[in-house]
Amino acid sequence: MLELGFFYLFAGLAVVSALGVVLSRNTIHAVMFLIFCFFNAAGLFFLLDAEFIGIILILIYVGAVMVLFMFVVMMLEVNFAKLREGMLQYLPLGGIIALVLFIEIIAAAGSGVFSPEGIPDPGHAAQQVNNTVEIGKMLYTKYLLGFEIAALILLVALVGAIVLTLRTRKDAKYQNISRQVNVRPEDRMYKVKM
Amino acid sequence: MTPVNFPLPNVVPLIPEMFVATMAMFILMLDLFLAKEKKVWGGYLAILTCVAAGGLTLMVGSAESVSAFYGFFVLDAFSSYAKLLIYAGTALAVILSLDYIKEEFGVGEYYTLMLFAMLGMMIMASAPNFVTMYLGLELMALCTYVLVGFQRDVLRSSEAGLKYFILGSLASGFLLYGISFLYGVTGSFDFATVGSGIAHSGSGARFAVLLGLVFVIAGLAFKISLAPFHMWTPDAYEGAPTPITAFMSVAPKVAGLVILIRVLVDALPSLQVEYITIFSWLAVLSMAVGNLAAIAQRNIKRMLAYSTIGHVGFIMLGVIAGNADGYAGVLVYMTIYLFMSMGAFAVIVLMNREGIQGELLDDFAGLSKVRPGYALAMGLYLFSLAGIPFLGGFWAKYVVFIAAIESGHLYLAIIALLFSVVGAFYYIRVVKYIYFDDQRVEFNFVENRLMQATVAVTAVAVVAIGIFPQPVINICKAALGGII
């Protein structure tokens, strides 16, 4: 009973905060709502005994990704009122597509395949299991190939980010530390015959 | 804590993949130690990597399918053939880049990213599983986003990269959403298990399965630029460095079509009626958009972008046919398209002058008087793309049209025929510029032996396949082993 209460608390707050992300006019507020939404999703994971995923969600998404979001929002002055200008123009078509999609998703979700009766309740089978160890075992055996490809994707992301942002400008003055260290008195000072 | 046993999986089928990954990282490191004028070595090394990977693929490949890494990787004739096409596409694109990119910053990273994109496509071609497929797709896509926006100082390149990135992420989201529905119904990521799971799922699950199908198709259609998911194509093609445009017009399309066929055959066979209906509409739309919009283009890269969309529409006839002939037709089409498209882009890259490439149709006016060889080659590619008989492109269209007619889609074949006549107009218009108009701009050609050899080889291939199409068709039919 207590668990059910917590489920509705977390789930309800997640939905409300997700709506807040979309509807709030202040970008900082939207980011804050998103952080709150992630916290609630983490709570849902804890209820499922998936503590590893819950903690990861808080550490990585809230701790790193959202802080980055915050920086971006603060550093870029984006005029969101201007971005919304074309909205009315696209609303009719976009709205119809969204509505059809929404009905389809509701119908698919309500078709009984994903109902609680269709999926047996695992209870708290995971209570005695160390999530981190089990995920590690799976990751390094069955999902090893996927794990390695993901590592390559990270490398590509790293290389790509550097390629797209790092430019040595010819007109900029750079410090050459080894030249500075190796400088001799003669380089800086010379006697002038009068 | 109990000690965990890590069994070493069978890595032999993955030797080409591991080789390419190692070489990509090696080029990345090597580039740091090369002087500016020797950076081009990275490109030569990348070409060698493609050739060597081809040899390795032929070596480890076998007629029956071999599964490795707990069913997360499969090696069969189908994937081996697709990989060979991908290597050829990448190697030719690298050759086109040798001269084009040497003034840019980050030459080594450029070739590294191309090889990683190739690796992603290889993984896609060998994916028997939604997890492997998605990871391969992302590896490929991430590299191409960066490569499209590589010329950061050129505004349209950055713009194209950003557009491609945002729309590509959206398509990936669609794809994942669709996969999550299929997973929810069947409880598995494995194509074969998903296939049997869907076949045995009751009518209650039908709606969820169809929604999954629609989203998966939308996600994959984006990658092969099938209308109406083609919006990114003209902008990305125009903005990208021309060798990357050539690369994108062939290699990712091969990987996307191969994985699409694998998903349809292995995971969604019980939905064949539904997906054929969807693809029929998409194919007609794609042929219409591609061939009609291409007429209005003045920029040849944009024109070829719409031409790709049209060709993907034709290729879909093979998928719609839904039998061995149709799938073989897709492979034949991609094989021949590889030569036509690469050749045409090679001529465009060769016409590079002072930062402005021969990009407008007007720039081609009078080419035949200055460089009759290039003019002849370009003429051959364009006639072939238009599907004029006894050039490669004719047989490409012939095989998929016949497959579509024999499987009872006569109306589609007729529509395709009409649109290929429309398409012939804008291809032959360029030939008219080349041969019958006076020179309007001063030509300034890049002199590069490897690139000239590319033009010669692709032109000869287009003619040779046009005269002797049977070997290619036979090889492609044999390559279907392991999928059907």
| Which value, in Å², gives the accessible area per residue of the stretch B:359-419 when a 1.4 Å probe is used on the protein heavy atoms? | 39
| said: A drop of at least 50 square angstrom in accessible area, chain alone versus all protein chains together, probe 1.4 Å. Which residues of the stretch B:170-213 meet that? | reply: B:PHE207, B:LEU211
| message | If DNA, RNA and ligands are ignored and the probe is 1.4 Å, what is the ranking of B:THR22, A:THR141 by accessible area, most exposed first? | response | B:THR22, A:THR141
| Gyration tensor verdict on the protein assembly as shown (Cα atoms; rounded if a/c is under 1.5, prolate if a/b is larger than b/c, oblate otherwise) | oblate
| task | Report, by chain and number, residues whose modeled amide H sits under 5 Å from the one on B:PHE73, excluding near sequence neighbours (fewer than 5 apart, same chain). | result | B:ALA68
| message | Just checking the output field for A:134-147: average partner chain Cβ neighbours within 10 Å of each residue's Cβ? | response | 4
| request: Please give the solvent-accessible surface of A:CYS37 in Å², to the nearest 10, using a probe radius of 1.4 Å with every protein chain present. | output: 30
| message | Tell me whether the stretch B:284-484 comes out rounded, prolate or oblate; compute the Cα gyration tensor, take square roots of the eigenvalues as a ≥ b ≥ c, and use a/c under 1.5 as the rounded threshold. | response | prolate
| message | Could you compute how fast chain B diffuses translationally, taking Rh as the Kirkwood radius over C-alpha pairs and applying Stokes-Einstein at 25 °C with viscosity 0.890 mPa s? Give it in µm² per second. | response | 109
| Set of aspartates and glutamates with alpha-carbon distance to B:LYS369 below 16 Å, sequence-local pairs under 8 removed | B:ASP437, B:ASP438, B:GLU442
| Ranked from highest to lowest mean number of other Cβ atoms within 10 Å per residue, what is the order of the peptides A:92-103, A:64-75, B:309-320? | B:309-320, A:64-75, A:92-103
| said: Solvent-accessible area of B:ARG302, probe 1.4 Å, all protein chains present, reported in Å² to the nearest ten, please. | reply: 50
| note | With all protein chains present and a 1.4 Å probe, the order of B:TRP395, B:TRP232 from largest accessible area down is B:TRP395, B:TRP232
| the stretch B:22-54: which residues show an accessible-area loss of 20 Å² or more, assembly versus chain alone, 1.4 Å probe? | B:MET25, B:LEU28
| query | Once every DSSP H run of n ≥ 4 in the protein assembly as shown is given -39500 (n - 2.57) and the sum is divided by its residues, what mean residue ellipticity at 222 nm do you get, rounded to the nearest 500 deg cm²/dmol? | reply | -23500 deg cm²/dmol
| message | For A:HIS29, A:HIS124, B:HIS200, give me the order by solvent-accessible area with a 1.4 Å probe, most accessible first, ignoring ligands, DNA and RNA. | response | B:HIS200, A:HIS29, A:HIS124
| task | Identify the residues of the stretch B:10-43 with backbone N under 19 Å of a label point that sits 7 angstrom from the Cα of B:ARG449 along the Cα-to-Cβ direction, or state none. | result | B:38-43
| note | Over all pairs of different Cα atoms in the stretch B:219-347, the reciprocal of the mean inverse distance gives a Kirkwood radius in Å of 14.6
| query | With all protein chains present, how much of the accessible area of chain B (probe radius 1.4 Å) comes from carbon and sulfur, to the nearest whole percent? | reply | 70
| request: Sort the stretch A:1-77 into rounded, prolate or oblate with this rule: let a ≥ b ≥ c be the square roots of the eigenvalues of the Cα gyration tensor; rounded if a/c is under 1.5, and if a/c is not under 1.5, prolate when a/b is larger than b/c, oblate otherwise. | output: oblate
| note | Here the gain from full extension of A:LEU158 to A:ILE135, 0.36 nm per residue of separation minus their alpha-carbon distance, amounts to 5.7 nm
| With DNA, RNA and ligands ignored, accessible area of B:VAL463 (1.4 Å probe; Å², nearest 10) | 50
| query | Can you give the accessible area buried between chains A and B, summed over both chains, with a 1.4 Å probe, in Å² to the nearest 100? | reply | 3300
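The values are calculated or read from the model by the stated rules, or taken from the named source; none is laboratory data. Nothing here was measured: the structure is a model prediction, and the numbers come from that model. Every residue, glycine among them, receives a Cβ derived from its backbone with ideal geometry; neighbour counts consider all protein chains shown. Accessible surface areas use protein heavy atoms only, side chains included; no ligands, DNA or RNA. Shrake-Rupley method; radii C 1.70, N 1.55, O 1.52, S 1.80 Å.
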